[in-house]
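The values are calculated or read from the model by the stated rules, or taken from the named source; none is laboratory data. Predicted model only: the values in this text are computed from it and were never measured. Ideal geometry is used to build each Cβ from the backbone, glycine not excepted, and the neighbour counts take in all protein chains shown.
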Amino acid sequence: MKTIGMNTIGLTMGDPAGIGPEVICKALGALPADERKATVVIGDPLFMERARGLVRANFSFVPYGDTVPEGAVPLLAIDAPNRDAIVPGKLSADAGEAGCRCVKKAVEMALAGEIDVICTASLNKTAVRMAGYDLNGHAGLLALYTGVKKNYAVLACPQFAVIHVSTHVSLAQAVELCRTERILETIRVAQRHVLTTGVAKPRVAIAGLNPHAGEGGLYGTEDDDFVAPAVAAARAEGIDAHGPIPGDVVFQQAIDGKFEIVVAQFHDQGHIAAKLVGGHDTVNITAGLPILRTSVDHGTAFDIAWKGVADPSNMKAAIAMARRMKPVAG
Amino acid sequence: MTDRPAPLALTLGEPAGIGPDVALAAWLNRGAATPPFLLLGDPIFLQRRAKTLGLDVPIAVVAPSEASSAFSRFLPVVDLGLPVTTAPGRPDASSAPAAIAAIDRAVALTMAGEAAAVVTCPIAKHVLTAAGFPDPGHTEYLARLAARRTGKPATPVMMLWSPELAVVPVTIHIAIAAVPAALTTDLIVETGRLLDRDLRRRFGLAKPRIAVAGLDPHAGESGTIGTADRDVVTPAVTALVTEGIVARGPLPADTLFHDAARKTYDAALCMYHDQALIPIKMIAFDHAVNVTLGLPFVRTSPDHGTAFELAGTGRADPSSLIAALGLAGRLAAADAAAKGAGSAGTAG
C-alpha cells in the first residue's frame with residue numbers, strides 16, 4: 001500500500017455532522033492521482049460517499065487494502081454508531097463517537113507504521129464529551145491512544161511555526177507557568193518539530209513574556225529570571241535558540257527568515273501572529289507525540305455543514321504539511 | 001480671508017539619533033499630502049547633518065508665522081538659540097537642553113494657535129533623564145505641559161494608527177504579571193470613552209466602532225479560562241454601550257485582526273502591550289504612527305526609536321514620520337473644525 005518516497009497520510013473524517021467529510025472530499029479532488037493513492041481516508045463509508053456526492057467529486061473510494069485504480073482514494077471503513085441519528089449541523093453523542101473511533105484507528109495505524117502521518121478533520125469538543133470521553137478534544141484523544149500524556153500544539157503558517165509555553169489558561173496563570181524547565185522543554189519540542197519538517201538545523205526564537213522582553217527588569221523580571229536561563233540551557237544542549245526577543249519584534253524576524261519556529265509565552269501572543277499572517281494556510285500540528293499529526297485550524301462549522309459551501313483550503317494546507325513531515329530519531 | 005494653514009510643529013528629538021535624518025528626508029519627500037511643518041532645532045546642526053547625508057535641503061530660518069509660505073521652497077527652521085554639536089550615533093548630555101526646549105516650544109506654539117499640532121521625533125530617555133527631565137517619556141511630559149497650561153490634569157492615551165488598523169493598549173509598559181490587577185473596569189471605560197471622543201472629534205467618525213479585546217485566551221470562554229473577561233471587561237463594555245458608545249466585546253484577540261475582522265471596527269481597545277503591538281507591527285511595520293489621545297492638542301510621532309546605529313548613514317526610513325505628519329495635519333484640521341463649530345455655538 002505504501003508508495004515509495006511519499007508519505008502515506010491517514011485522513012480522519014472528523015465529526016460527521018460538521019464540515020469534515022465535505023472539506024476532505026474537496027481537498028482530495030484537488031490532489032494529483034499519486035497523492036490520492038497515498039492518502040487513506042478513515043471514516044464512515046456512508047457519510048464519506050454522501051460527501052463525495054455533495055461535492056460532485058471526480059474520484060471514487062476503494063476499500064482500504066484493495067488495488068487502487070488510477071485516481072481513486074483508499075477508504076478504511078469505520079462505521080458510525082446510530083447513523084440515522086446523525087443529522088447535518090446537529091451536535092450529538094453519536095457523531096462525536098463516530099469521529100473519535102476514526103482517531104483511535106488512525107493512531108493505531110500510525111503506531112503500527114501502516115501510515116506515516118495523521119491528518120485530522122475537526123471534532124466538536126462538546127460532542128466528544130457527550131460521547132462519554134472526559135477529555136479535551138483531539139489533544140486528549142491523542143494522549144489517551146498514544147499513552148503520552150503531554151503534547152504541544154504547533155500552529156504553522158507558511159512563513160513560520162509557533163509553539164506555546166502555555167495555551168488555554170488565563171494570562172495570570174500563564175505568568176505562573178513561565179518557568180525555566182517548562183520553557184526549556186518547549187524549546188526542545190520546538191526544535192524536534194522543525195526537524196520533522198525537513199529542516200536540518202532549526203533556528204528557534206523565544207519570545208519574551210513582558211513588553212520589550214522586560215526591558216532589563218523595568219517591566220517584569222521573568223524574562224531575565226526564567227526565559228533567558230532556558231535559552232542558555234537550550235544552547236548548551238546544542239539547540240540554535242535565540243531570545244528572549246520582544247513579542248512585537250520576534251514574529252517579523254521569523255517572517256524575514258531568521259527563524260523557523262517561535263516559542264511564544266502564552267496563547268494570544270502566538271495565535272495573534274500566526275492567524276494574522278497565515279490566514280487559511282495556518283494549520284495545527286501536534287508535537288511531542290510518538291506519531292506525526294496535522295490538523296485543520298477550524299471547527300466543525302455546524303452552521304454551514306453539508307451545504308456544499310465549506311472552504312477546503314485549510315484542509316488542503318493541513319494535507320500538504322502532513323505530506324512533507326518525516327519522523328526523526330529520538 | 002483664509003490664511004495659509006498653521007504649520008505643524010516638528011521637534012528634532014535626540015540629535016544623535018535618526019530624528020534629523022528623517023526630518024530632512026520628510027521635507028525632501030514632501031508630497032501633496034504632507035502638511036507644511038516647521039522644524040524646531042539648530043539650523044547650523046541641520047545643515048551639517050544634511051551635508052553628512054549628501055542631501056540638498058535648503059534651510060530657511062523663519063518665524064513660526066512665515067513657515068507655511070516658505071515650506072514649498074525651504075525647510076523652515078525655528079531657531080531655539082541652543083547650538084547642537086552632537087555627532088550621529090554618539091549621544092551626549094550637551095544636546096539635552098535643546099531637545100527639551102523643542103518640545104516646550106512645540107507645545108507653546110500649538111496651544112497658542114501658531115502651530116496646528118505637535119509632531120515629535122524620538123528622544124533618548126537616558127540622555128534627558130541625566131539632564132533632569134522629570135518624566136519617563138514624551139507622552140507624560142506632554143501631559144505635564146498641557147496640565148500646566150490649562151490648569152486641568154490630562155490623561156494621555158496611546159494609540160497606534162495605520163490606515164489598516166488602529167489599536168489602543170489599555171495597559172502599556174508594565175509587567176504581564178501586573179496586568180490583571182492594573183486592569184479595572186473603570187480604566188477600560190475611561191480609555192474607551194477617550195478613544196470614542198477623539199475618534200469623533202479628530203478622526204471625523206460620526207459613530208466610531210470600538211472592538212474590545214479579551215484579556216484571556218478565547219476572551220475567557222465564558223469564565224472557564226480566567227474570570228477577568230467576565231468580571232472586569234464585560235461590565236466595561238456594557239458601561240460604554242450604556243453611554244451610547246458603539247463598543248463590542250470582549251472578543252477573542254486571536255481572531256480580531258485579520259482582514260475581514262478589521263472591517264467591523266474603527267479601533268481595537270487592547271488589554272496589554274503585545275496584544276496591540278504584535279498586530280500593528282505585523283500589519284503596518286514601517287508606517288504605523290503613534291498618536292497621543294486625551295491631550296488638549298493633537299500630537300503624533302513616528303513609531304520608531306532613535307536608532308543610533310542608522311543615524312547619519314542615510315539608511316533611516318522616513319515613512320513613519322511622513323505618515324505621522326500627514327495624520328497630524330488631518331487630525332488638526334478636524335480638531336480645528338470641531339472647535340470652530342463649538343465656539344460658533346456659544347459665541348452668539
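Condition (residue is farther than 12 Å from B:Leu295 by Cα and either within 19 Å of the chain's Cα centre (by Cα) or within 14 Å of chain A (Cβ to nearest Cβ) (or both)) applied to region B:138-157: is it met by at least one residue? Within region B:138-157, one or more residues are farther than 12 Å from B:Leu295 by Cα and either within 19 Å of the chain's Cα centre (by Cα) or within 14 Å of chain A (Cβ to nearest Cβ) (or both). Selection within region A:243-280: residues that are among the charged types (D, E, K, R) and out of contact with any Ser or Thr (no Cβ under 8 Å at 6 or more places or on another chain). The member of this set that is farthest from the other protein chains (Cβ to nearest Cβ) is A:Lys258.
Could you pull out the residue among B:Pro122, B:Pro134 that is free of Cβ contacts under 8 Å to residues at least 24 places away in the same chain and either more than 14 Å from chain A (Cβ to nearest Cβ) or under 30 Å from A:Gln173 (Cα atoms) (or both)?
Result of the check over B:Pro122, B:Pro134: B:Pro134.
Taking the criterion of being within 12 Å of chain B (Cβ to nearest Cβ) and at pLDDT 95 or above, the residues of region A:142-164 that qualify are A:Leu155, A:Phe160, A:Val162, A:His164.
State the number of residues belonging to region B:158-179 that are within 21 Å of B:Leu256 (Cα to Cα) and either part of a strand (DSSP E or B) or of a type in the set (A, V, I, L, M) (or both).
Going through region B:158-179 one residue at a time, the tally reaches 13.
The residue of region B:20-33 that is surrounded by the most Cβ atoms within 10 Å (Cβ to Cβ), among those that are in contact with a strand residue (DSSP E or B) (Cβ under 8 Å, 6 or more places away or on another chain) and under 14 Å from B:Arg48 (Cα atoms), is B:Ala23. Suppose we filter B:Pro36, B:Pro58 for residues that are surrounded by fewer than 21 Cβ atoms within 10 Å (Cβ to Cβ), over 20 Å from B:Thr306 (Cα atoms) and assigned by TED's automatic domain parsing to the domain that holds B:Ala143; which single one remains? From the options B:Pro36, B:Pro58, the qualifying one is B:Pro58.
Scan region B:186-195 and give yes if some residue there is within 14 Å of chain A (Cβ to nearest Cβ), part of a helix (DSSP H, G or I) and farther than 22 Å from B:Ala328 by Cβ, otherwise no. Checked region B:186-195: no residue is within 14 Å of chain A (Cβ to nearest Cβ), part of a helix (DSSP H, G or I) and farther than 22 Å from B:Ala328 by Cβ. Evaluation of A:Ile118 against the conditions (1) within 14 Å of chain B (Cβ to nearest Cβ); (2) outside any loop (DSSP other than H, G, I, E, B) shows that the sole unmet condition is (1). Buried (at least 22 other Cβ atoms within 10 Å of the Cβ) and out of contact with any Pro (no Cβ under 9 Å at 6 or more places or on another chain): which single residue out of B:Gly244, B:Gly214, B:Gly192, B:Gly204 fits that description? That would be B:Gly192, the only listed residue that is buried (at least 22 other Cβ atoms within 10 Å of the Cβ) and out of contact with any Pro (no Cβ under 9 Å at 6 or more places or on another chain).
Counting only helices (runs of 4 or more DSSP H) that sit completely within region A:239-330, those holding 1 or more residues that are within 19 Å of A:Ile24 (Cα to Cα) and free of Cβ contacts under 8 Å to residues at least 24 places away in the same chain correspond to A:313-324. Tell me, yes or no, whether region A:197-204 has at least one residue that is touching a Phe, Trp or Tyr at 6+ places or on another chain (Cβ under 7 Å), closer than 23 Å to A:Asp256 by Cβ and away from chain B (no Cβ under 14 Å). Within region A:197-204, one or more residues are touching a Phe, Trp or Tyr at 6+ places or on another chain (Cβ under 7 Å), closer than 23 Å to A:Asp256 by Cβ and away from chain B (no Cβ under 14 Å).
From the list A:Phe226, A:Phe259, the lone residue that is in contact with a helix residue (DSSP H, G or I) (Cβ under 9 Å, 6 or more places away or on another chain) and within 13 Å of A:Ala161 (Cβ to Cβ) is A:Phe259. Looking at region A:209-230 only, could you name the residues that are surrounded by 24 or more Cβ atoms within 10 Å (Cβ to Cβ) and closer than 18 Å to A:Leu184 by Cβ? Passing the criteria: A:Leu209, A:Ala213, A:Glu222, A:Asp223, A:Val227, A:Ala230. Of the set (1) among the β-branched types (Val, Ile, Thr); (2) within 14 Å of another protein chain (Cβ to nearest Cβ); (3) buried (at least 21 other Cβ atoms within 10 Å of the Cβ), all apply to A:Thr294 but (2).
Just so you know, in region B:226-238 the residues that are of a type outside the set (S, T, N, Q) and surrounded by fewer than 18 Cβ atoms within 10 Å (Cβ to Cβ) include one that is farthest from the other protein chains (Cβ to nearest Cβ), and it is B:Pro235.
Rundown of residues vs (1) farther than 19 Å from B:His258 by Cα; (2) among the basic types (Lys, Arg); (3) crowded, with 23+ Cβ neighbours inside 10 Å, yes/no style:
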| residue | (1), (2), (3) |
| --- | --- |
| A:Gln253 | yes, no, no |
| A:Asp256 | yes, no, no |
| A:Ala273 | no, no, yes |
| A:Asp281 | no, no, no |
